[in-house]
Amino acid sequence: MHTLAIDSSSAQKQNRTGVEWYAYHLIEAIKRQPLRNDERVVLFSRDTLKWSLPFGWMKGRVSWEMLRRPPDVLLVPAQGLPLLGTCAAVVHDVGFRRVPGVYDPSDRRKQTSELNHVLRRAKIVFVVSDFTKRELTDLYGLDTGRVVVAPNAVNRDVYRPLDNAMITQVCQKLRVGNHYFLYVGRMDAKKNVKTVIRAFELFKASRGTGDPFELLLVGSPGFKFWEIKAFVDRSPAKASIRTFGYLPENEVASLMNGASTFLFPSWYEGFGVPPLEAAACGAPLIVSDIGAHREVLGNAALFVAPGEPEAWAKAMQRVTNDPDLVARLRAGGFERAAAYSWDKTAEVVLLTLRGMV
């Protein structure tokens, strides 16, 4: 009997963000895959391995399990590996290397150490995009034979076109009007939120008194959140800027459905899930002109340089004033979202893990 193990600790977090959602959806999709008669899949969780300490999970408890009862192969969907055993890991991005100034120094040091360990130890490295695969080969000289693309996808049970009653219910609960630009993601320096705030100011200044548009910023605080908050507090458009913390998926999907435009100005992404989720909901997209967005979104977005708020404001005006453009972006968005599937990703991952046994 061959045993394929998966670390599920990140998937079990309550308020999941990018990496945690990847782990969760990948595991759920692997559960749907048919297994061979001679194999089983087990999950390493803090409950099953009885580990309640806030530290030492991977290097301590998982390493001990790999010594005591080693599976044939262990998959870790987040970066970081145990000290022992045959392992595969997922690398989501190397933004800390490309744009180090927008990362907390301690987080940057941790990610650097973990990635170096992964690249030394992992027999197979899964990545979430062809773009990230190129980054690993260009920056670290990684043998392409060790790299397998296993992309993100959209949870179509949640992120899909919704009826007006559901959208209205959420908007009324959050006291949101009918005309708004939407950003969803961590409120973090690397997400470049200040660019869309400045762009929104320019947009509002060009619209005149009584313009109904709002800017909604949805996401948990991250590195240099205080700068973003201060930027909002000093903004001449402050009265029309709404900030929310972490919201449940159903509310996010409703906001995406009702958004006039979805904005995603990141300096760097390995994939960029929120724009694809918004596209699946029918929102027109304006995103930063970076490699991962070009790959994932194709013709489904307007691409703008991340450091040019004036260009963002012009793009916002274009989408607001051009219904034909909106229709084209919406159609392209549905097509791009449909191109990614968690079941397809799980099939690739499972086939690769079997080849490691």
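Readers should treat all values here as calculations from the given coordinates under stated rules, not as data from a laboratory. Quick caveat, the model's predicted, so the values are computed rather than measured. Counting neighbours? That spans all protein chains shown, and the Cβs are built from the backbone with ideal geometry, glycine included.
Listed values for region 56-69 are Karplus-derived 3J(HN,Hα) couplings in whole Hz (6.51 cos²θ - 1.76 cosθ + 1.60, θ = phi - 60°), namely x, 4, 6, 6, x, 5, 5, 4, 5, 5, 5, 7, 7, 9, and x replaces Gly and Pro. Among the chymotrypsin sites (Phe, Trp or Tyr not before Pro) in region 1-97, those placed in a DSSP loop whose Cβ has at most 12 other Cβ atoms within 10 Å are Phe55. Report, by chain and number, residues whose modeled amide H sits under 5 Å from the one on Glu39, excluding near sequence neighbours (fewer than 5 apart, same chain). It is His2, by chain and number.
Residues considered: Thr17, Thr345, Thr144. Largest GNM mean-square fluctuation over the chain, using C-alpha springs under 10 Å, is found at Thr144. First select every other residue whose beta carbon is under 15 angstrom from the beta carbon of Val232; then total the charges, Lys and Arg +1, Asp and Glu -1. Here the charged neighbours net out to +4. A simple count of charges around Gly60, restricted to other residues whose Cβ falls under 14 Å of its Cβ and scoring Lys, Arg +1 and Asp, Glu -1, yields +3. Just tell me which aspartates and glutamates come within less than 20 Å, Cα to Cα, of Lys110; anything on the same chain fewer than 8 places away is out. Reachable aspartates and glutamates: Asp7, Glu20, Asp93, Glu135, Asp188, Glu269. Backbone amide hydrogens, once placed in the peptide plane, bring Val148 within less than 5 Å of Val125, Phe126, Val127, excluding anything fewer than 5 places away on its chain. Applying the Karplus relation 6.51 cos²θ - 1.76 cosθ + 1.60 with θ = phi - 60° to region 140-155 yields 3J(HN,Hα) values of 10, x, 5, 4, 4, x, 8, 10, 10, 7, 9, x, 5, 8, 10, 7 Hz, where x marks Gly and Pro. Calculated [222 nm] ellipticity per residue, helices only, for the chain: -13000 deg cm²/dmol; basis is -39500 (n - 2.57) per DSSP H run with n ≥ 4, divided by all residues, nearest 500. Between 0 and 90 degrees, rounded to the nearest ten: what's the tilt of helix 164-174 against the longest Cα principal axis of the chain? Its long axis makes an angle of about 90 degrees.
Kirkwood radius, region 164-338, all distinct C-alpha pairs, inverse of mean reciprocal distance: 15.9 Å. In terms of the Cα gyration tensor, with a ≥ b ≥ c the square roots of its eigenvalues, is region 71-162 rounded because a/c is under 1.5, prolate because a/b exceeds b/c, or oblate? Since a/c reaches 1.5 but b/c is at least a/b, the shape of region 71-162 is classed as oblate. Within the same chain, lysines fewer than 8 places from Lys13 are excluded, and of the rest, those with a Cα less than 18 Å from its Cα are Lys50.
Based on Cα atoms of the chain, Rg over Rh with Rh as the Kirkwood radius reads 0.99.
Taking a Cβ cut-off of under 14 Å around Val154, the surrounding Lys, Arg, Asp and Glu residues balance to a net charge of -2, with basic ones at +1 and acidic ones at -1. Antiparallel beta bridges, as assigned by DSSP with both residues in the chain, represent about 0 percent of the total such bridges. First check a/c for region 6-80, with a ≥ b ≥ c the square roots of the eigenvalues of its C-alpha gyration tensor; if it is under 1.5, answer rounded, and if not, answer prolate when a/b is larger than b/c or oblate otherwise. Note, shape of region 6-80 comes out oblate.
For Ala305, the residues whose modelled amide H falls within less than 5 Å of its own, excluding neighbours fewer than 5 places apart on the same chain, are Asp289. Excluding same-chain neighbours fewer than eight residues apart, the lysines reachable from Lys229 by a Cα-Cα span under 25 Å are Lys173, Lys190, Lys191, Lys194, Lys204, Lys238, Lys314. Of all beta bridges that DSSP places with both ends in region 164-338, some 0 percent have antiparallel geometry.
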